[in-house]
Amino acid sequence: MKLASLKNGRDGELVVVSRRLNRMARAGDIVPNLQAALDRWEELAPRLQDRWEALDTGEIEGEAFDELACASPLPRAYQWADGSAYVNHVELVRKARGAEMPPSFWEDPLMYQGGSDSFLGPHDDIPVADIDWGVDFEAEIAVITDDVPMGISVEEAARHIKLLMLVNDVSLRNLIPAELAKGFGFFQSKPSSAFSAVALTPDELGDAWDGGKVHLPLRSWLNGELFGCPDAGVDMTFDFPRLIAHAAKTRPLGAGSIIGSGTVSNRDADGGPGRPIAEGGVGYSCIAELRMIEKILTGEMKTPFMRYGDTVRIEMIDEAGDSLFGAIEQTVVPYAGPDEAA
């Protein structure tokens, strides 16, 4: 089953979307929005599934689906916690800011609690007040859970995964070092994230879903050129059940909690940190990784962070060549200010 939220009010209007992402059917007579559906998932998911199957088989015609009309599946959420499951990425970006990586990072996940009250839509611009803050994209995967009890085991955590999405976890790289040096974590350096137009149930991934990882390339383009296509199932040190159990160690997670994978990152075939697309590698899911590779090889970071007018596209394609989640496609623009934005 595939679900999306049309831009309509703060929490959107829930629709079911056909497998090929060309048709949709409204679901307001069942439940008004995705958060309300997750609050009563066991009761309402079968009804949404029936509506989706009727649409996908042509039993009902529905309407044309337009990703541009979509908010993120959860336009706002009670919880957004982003992990760093790909430790290769953590190691590289820490090197870029001169920080050593403790060995414990290979055994205990990193996780930060992000702002979840104002997600961007998948095709919304990225507003930035100062371009010198170092705008970077981060291509990731996320899961949405139902209610998760505190102290849940890794094995039990897997059954609480209800939906998956793609993420652009926008980062302001030049604000990160000073902010982390305070010892209290990310805040200003992590503005609003954006999620794919479509959230899907794990069964839609078929054999590409093993219960904890997605075994497909996650593709990202910067200004129309392929920037990275690392396999999300490779080099993922901590799978999603492990990340959920980590987040719920000392607190329960409410229905609609979003848990992110962190930036998808692969090592090179020879065990090295990875090569750019142009050199036969799988590339990267953020600019910071490429800049670190440049520093390792040449002593200098050459690739700039995003500038006004730059665009990023993030998408996952199935083996048949179809888009699974729709695309995240965004342009960096100057922030107009609170008066104009309101």
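Which residue pairs have Cβ atoms closer than 7 Å, lie 6 or more positions apart in sequence or on different chains, and pair a first residue in segment 110-125 that is free of Cβ contacts under 8 Å to residues at least 40 places away in the same chain with a second residue that is open to solvent by 60 Å² or more (accessible area, probe 1.4 Å)?
Hits for this filter: zero, empty list.
Filtering segment 325-336 down to residues that are in a loop (DSSP other than H, G, I, E, B) and open to solvent by 10 Å² or more (accessible area, probe 1.4 Å), which residue is farthest from Arg307 (Cα to Cα)?
Residues of segment 325-336 that are in a loop (DSSP other than H, G, I, E, B), as a first pass: 325-327, 335-336.
Adding the requirement that they be open to solvent by 10 Å² or more (accessible area, probe 1.4 Å) leaves 335-336.
Numbers: Tyr335: 13, Ala336: 16 Å.
Going through the qualifying residues, I end up with Ala336.
Report whether or not Gly272 is open to solvent by less than 30 Å² (accessible area, probe 1.4 Å), at pLDDT 95 or above and outside any strand (DSSP E or B). Lay out the reasoning, then the answer.
Numbers: open to solvent by less than 30 Å² (accessible area, probe 1.4 Å): yes; at pLDDT 95 or above: no; outside any strand (DSSP E or B): yes.
Here the answer is no, as Gly272 does not meet what is asked.
If a residue must be open to solvent by less than 20 Å² (accessible area, probe 1.4 Å), outside any loop (DSSP other than H, G, I, E, B) and not small (Gly, Ala, Ser), how many such residues does segment 44-77 contain?
5
Got a sec? Which helices (runs of 4 or more DSSP H) wholly within segment 144-250 have at least 2 residues that are of a type in the set (Gly, Ala, Ser)?
Values: elements: 154-157, 176-181, 240-247.
Those helices (runs of 4 or more DSSP H) span 176-181, 240-247.
Which condition breaks for His89 when tested against (1) assigned to a helix (DSSP H, G or I); (2) farther than 20 Å from Ala142 by Cβ; (3) modelled with pLDDT under 95?
(2)
Quick check on segment 279-292. Is at least one of its residues in a loop (DSSP other than H, G, I, E, B) and open to solvent by 30 Å² or more (accessible area, probe 1.4 Å)? If you could, list the steps in order and put the result at the bottom.
Step one: list which residues in segment 279-292 are in a loop (DSSP other than H, G, I, E, B), which gives 280-282, 284-286.
With the extra rule that they be open to solvent by 30 Å² or more (accessible area, probe 1.4 Å), the set shrinks to 280, 282.
Among the residues of segment 279-292, at least one is in a loop (DSSP other than H, G, I, E, B) and open to solvent by 30 Å² or more (accessible area, probe 1.4 Å), which makes the answer yes.
Which pairs do you get when a residue that is touching a residue at least 24 places away in the same chain (Cβ under 8 Å) and polar (S, T, N, Q), found in segment 278-290, comes within reach of a residue that is open to solvent by less than 10 Å² (accessible area, probe 1.4 Å) and not in a helix (DSSP H, G or I), reach meaning Cβ atoms under 6 angstrom, with the pair 6+ apart or on two chains?
Ser285/Ala139; Ser285/Ser220; Ser285/Gly228; Ser285/Thr263; Ser285/Val264
Which one of Val31, Val90 is without any contact (Cβ under 8 Å) to a residue 40 or more places away in the chain, open to solvent by less than 20 Å² (accessible area, probe 1.4 Å) and out of contact with any Lys or Arg (no Cβ under 7 Å at 6 or more places or on another chain)?
Details: Val90 fails: without any contact (Cβ under 8 Å) to a residue 40 or more places away in the chain.
The match here is Val31.
Got at least one residue in segment 132-140 being β-branched (Val, Ile, Thr) and not in a strand (DSSP E or B)? Step through it out loud before you land on a result.
Within segment 132-140, the first condition is being β-branched (Val, Ile, Thr), and the residues that meet it are 135.
Cutting the leftovers down to not in a strand (DSSP E or B) gives us none.
Looking for residues that are β-branched (Val, Ile, Thr) and not in a strand (DSSP E or B), one finds none in segment 132-140, hence no.
Is it the case that Arg313 is open to solvent by 40 Å² or more (accessible area, probe 1.4 Å), assigned to a strand (DSSP E or B) and either over 22 Å from Leu92 (Cα atoms) or out of contact with any Leu (no Cβ under 8 Å at 6 or more places or on another chain) (or both)? Even if it seems obvious, please write down each step before you answer.
Details: open to solvent by 40 Å² or more (accessible area, probe 1.4 Å): yes; assigned to a strand (DSSP E or B): yes; either over 22 Å from Leu92 (Cα atoms) or out of contact with any Leu (no Cβ under 8 Å at 6 or more places or on another chain) (or both): yes.
Yes: the conditions hold for Arg313.
Tell me, which residue of segment 105-150 that is of a type in the set (S, T, N, Q) and closer than 28 Å to Leu216 by Cα is least open to solvent (accessible area, probe 1.4 Å)? Please lay out each step first, then the result.
Residues of segment 105-150 that are of a type in the set (S, T, N, Q), as a first pass: 113, 116, 118, 145.
Now restrict to residues that are closer than 28 Å to Leu216 by Cα: 113, 116, 145.
Working: Gln113: 113, Ser116: 18, Thr145: 0 Å².
Of everything passing the filter in segment 105-150, Thr145 is least open to solvent (accessible area, probe 1.4 Å).
Quick check: anything in segment 113-124 among the hydrophobic types (A, V, I, L, M, F, W, C) and more than 22 Å from Ser192 (Cα to Cα)? Write out each step before concluding.
If we filter segment 113-124 for residues that are among the hydrophobic types (A, V, I, L, M, F, W, C), which is where we start, we get 119-120.
Subsequent filtering for residues that are more than 22 Å from Ser192 (Cα to Cα) retains none.
Within segment 113-124, not a single residue is among the hydrophobic types (A, V, I, L, M, F, W, C) and more than 22 Å from Ser192 (Cα to Cα).
Is it the case that segment 221-228 has a residue that's under 14 Å from the mean Cα position of the chain (by Cα) and crowded, with 22+ Cβ neighbours inside 10 Å?
No: segment 221-228 contains no residue that is under 14 Å from the mean Cα position of the chain (by Cα) and crowded, with 22+ Cβ neighbours inside 10 Å.
The values are calculated or read from the model by the stated rules, or taken from the named source; none is laboratory data. It should be emphasised that the depicted structure is a prediction, and the values quoted were computed from it without experimental measurement. No Cβ is skipped: glycine too gets one built from the backbone with ideal geometry, and neighbour counts run over all protein chains shown. Ligands, DNA and RNA are stripped out before the accessible areas are found, and what is left, the full protein with its side chains, is counted by its heavy atoms. Shrake-Rupley method; radii C 1.70, N 1.55, O 1.52, S 1.80 Å.
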